Amino acid sequence: MNVRAIAAKVLNQVVEKGQSLSQALPAIQQELTPKDKALVQMLCYGVLRTLPRLDFFCRSLMKKPLTGKQRDLHFLILVGMYQLLYTRIPSHAAVGETVSGAKALKKPALKGMVNGVLRSFLREQETLIAKADQQPALLYCHPSWLVKRLQTAYGEEKAAQIMTENNQQAPMWLRVNARFHDREQYLALLTEQDKQAQGTDNNDNALCLESACDVYQLPGFEDGWVSVQDGAAQLAAHYLEAQPNELILDACSAPGGKTVHTLELQPELKQMVAVDFDEKRLLRVQENLDRLNLQATVIHGDASKPDEWWSGEQFDRILCDAPCSATGVIRRHPDIRWLRRDSDINELVSLQQDILQALWKKLKPGGVLLYATCSILPDENDLQIERFLASTSDASLIPLSSKVSETVCQRQILPNEQKMDGFYYAKLQKAL
Ligand SMILES: C[S@@+](CC[C@H](N)C(=O)[O-])C[C@H]1O[C@@H](n2cnc3c(N)ncnc32)[C@H](O)[C@@H]1O
């Protein structure tokens, strides 16, 4: 099978059919060699990171856009342009392999057309690039609605920085299981294998690898010594500060990264209840618990309707890792910006509000609720919390950490801040 053609098919599924990259890619990668797998992945991620630019180049060079059954060829051309602009693949090989992709997509008669567009692109690329750079949506490769939202929230310069970071590759972060090793001990195991990693100040379990690797190459991965989780996501369990004998709710828990981290840090809980609305994703919570040999009560339920699944005992602490726009993790999921619509944001804000209000009623007096999102949009974050505080008389903000040195009650992490994903945290306490 032609790797360029496979990439074009995946891109068609994502951009035209709205399937997520994390669903479309593994489905098609199963039959490939590791080398081809890596190439398909690189091409799909790369095209999605630069989509509007490549679309613009293609539109400029063609009299009529490719639609309907020929739409896969449009993506094949984008794959060709991506290789010419952003990879070290020699141009004759990039063009040759891409043109052959037309045959693999069962459109051999259109090989000449693909060849013609790519050759015109090679001749005209400088002029086209200069034109694209004049439009922010093409320069930063984000949809106009998101450019506008980021500029309103952060100003033009900061928004430009954020979008540039969103287009970089994210590093691989590890969470060292505190039950087996401390960070220094695990770092020594990595060093023995010639793997370099760095720790960070405010998270004792986190290590950021210098270069990504297969999880099965990590010392003790199968035995639960280590997990893969971004540094910002790892802060949740630290900020939650679960104590012995407490009843904890992780209300939007799947795939379970924060559930298991909380259990790793606090082995003496009374009970951990892990809820999620998505039954399929909930299976991953159980898988994570099993791999790490941890226990939780896993419940398929709606966090905005706890009366449908709640046992009747109020929680000591609640983690509300709310469904959100995921605008903080665009560098890991370059398809998010094309799958989301501007109108989704208001819907998400209102769902988050419903969830927060419903969960608050299930929190003990004196209990703590940690609100988290992987969003960088104020509407979902500090403005959401501001509204909640204004309408909830028994809620107040408290410092994210009880360590004396950390006094902030809310934290907006921007993408690539200390190499982490974009994330937001706010910690609330219910009056006694
Ligand atoms: C940001 S993800 C959670 C990630 C998870 N906490 C972790 O660390 O692995 C948000 C989750 O909210 C779930 N979700 C969306 N709407 C929900 C609802 N009404 N009730 C419960 N879970 C919901 C989604 O299925 C998704 O798994």
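Computed FRET efficiency, Cβ-Cβ of ARG387 and LYS305, R0 25 Å: what is it to the nearest 0.05?
Working: r = 21 Å, r/R0 = 0.82.
So, using R0 = 25 Å, E works out to roughly 0.75.
Working out 0.36 nm times the residue gap between ASP290 and LEU432, then minus their Cα-Cα distance, what length gain in nm do you get to one decimal?
Between ASP290 and LEU432, full extension yields 47.4 nm more.
Placing +1 on the Cβ of each Lys and Arg and -1 on the Cβ of each Asp and Glu in the chain, which of GLY101, GLN41, GLN271 has its Cα farthest towards the positive end of the resulting dipole?
GLY101
When the label point is put 7 Å from the Cα of GLN125 along its Cα-to-beta-carbon vector, which residues of region 2-28 have a backbone N closer than 18 Å?
4
In the chain, what percentage of the DSSP-assigned beta bridges are antiparallel, given to the nearest 5?
Once the DSSP bridges in the chain are tallied, antiparallel ones form about 55 percent.
Can you tell me the length gained on complete extension of the stretch SER396 to SER60, counting 0.36 nm per residue apart and subtracting the Cα distance?
This chain segment gains 115.5 nm when fully extended.
Can you compute the FRET efficiency between TRP145 and GLN168 using 1/(1 + (r/R0)^6), with r the Cβ-Cβ distance and R0 = 25 Å? Round to the nearest 0.05.
0.70
For the pairs LYS258/LYS427; LYS305/LYS362; LYS63/LYS103, flag any whose C-alpha to C-alpha distance is greater than 19 Å.
In this structure, LYS63/LYS103 exceed 19 Å between Cα atoms.
With the dipole of the chain worked out from charges on the C-beta (+1 for Lys and Arg, -1 for Asp and Glu) around the Cα centre, which of GLN151, ALA254, LEU319 lies farthest toward the positive end?
Selected residue: GLN151.
Taking only Cα atoms, what is the 0 to 90° angle, nearest 10, from helix 144-154's long axis to the longest principal axis of the chain?
40
Using only the alpha carbons, work out the radius of gyration and Dmax of region 57-162 in angstrom.
16.3, 49
Helix 342-360 against the longest principal axis of the chain: what's the angle in degrees, Cα atoms only, rounded to the nearest 10?
Once rounded, the angle reads 20 degrees.
Let me check the size of region 229-430 from its C-alpha atoms; what are the radius of gyration and Dmax in Å?
When restricted to the Cα atoms of region 229-430, Rg and Dmax are 15.8, 44 Å.
Over all directions, the average projected area of the alpha-carbon convex hull for region 3-134 comes to how many nm²?
Spelled out: convex hull of the Cα atoms, projected over all directions, averaged, 7.8 nm².
Please identify, among PRO334, PRO90, PRO136, the residue showing maximal mean-square fluctuation in a Gaussian network model of the chain using a 10 angstrom Cα cutoff.
Most flexible of the set in this elastic network: PRO90.
Over the Cα atoms of the chain, what Rg and Dmax result, in angstrom?
23.5, 75
Can you tell me the order of 256-266, 303-313, 92-102 when each peptide is scored by its average per-residue count of other Cβ atoms within 10 angstrom, highest first?
Descending packing order for the listed peptides: 256-266, 92-102, 303-313.
Once both labels are modelled 7 Å past Cα along the beta-carbon direction, what's the LYS403-LYS69 spacing in nm?
6.2
Note down the magnitude of the dipole of region 205-362 about its Cα centre, charges +1 on Lys and Arg C-beta and -1 on Asp and Glu C-beta and zero elsewhere, to the nearest 20 debye.
320
Rounded to the nearest 10 degrees, what's the angle between the helix 51-61 long axis and the longest principal axis of the chain, both from Cα atoms, 0 to 90?
Tilt of helix 51-61: around 20 degrees.
Largest first and in whole Å, give the semi-axes of region 1-78's equivalent ellipsoid, each being the square root of 5 times a Cα gyration tensor eigenvalue.
Semi-axes, largest first: 22, 12, 12 Å.
With charges only on Cβ, +1 for K and R and -1 for D and E, what is the dipole size of the chain about its Cα centre, in debye, rounded to 20?
2260
For region 3-134, build the charge dipole from Cβ charges (+1 Lys, Arg; -1 Asp, Glu) around the Cα centre, then report which of LEU78, LEU21, PRO90 sits farthest towards its positive end.
Sorting the options by dipole projection puts first LEU78.
What is the gain in length, in nm to one decimal, between LEU351 and ALA27 on full extension, counting 0.36 nm per residue of separation less the C-alpha to C-alpha distance?
113.6 nm is the gain from fully extending LEU351 to ALA27.
Per the helix-only calculation at 222 nm, which mean residue ellipticity applies to the chain, given -39500 (n - 2.57) for every DSSP H run of n ≥ 4 and division by its residues, nearest 500 deg cm²/dmol?
It comes out at -14500 deg cm²/dmol, rounded to the nearest 500.
Dividing the alpha-carbon Rg of region 339-430 by 2.2 N^0.38 Å yields what?
Computed over Cα atoms of region 339-430, the ratio equals 1.13.
Suppose every Lys and Arg Cβ carries +1 and every Asp and Glu Cβ carries -1, with no other charges. What dipole size does region 50-137 come out with about its Cα centre, to the nearest 20 debye?
The dipole of region 50-137 has a size of about 420 debye.
Once the Cβ-Cβ distance between TYR216 and ALA178 is put in as r, and R0 is 22 Å, what FRET efficiency do you end up with, to the nearest 0.05?
Efficiency, from the Cβ-Cβ distance: 0.50.
Every read-out reported here was derived from the displayed coordinates using simple, explicitly stated rules and does not represent laboratory data. Owing to the predicted nature of the structure, the values given are computational and were not obtained by experimental measurement. No Cβ is skipped: glycine too gets one built from the backbone with ideal geometry, and neighbour counts run over all protein chains shown.
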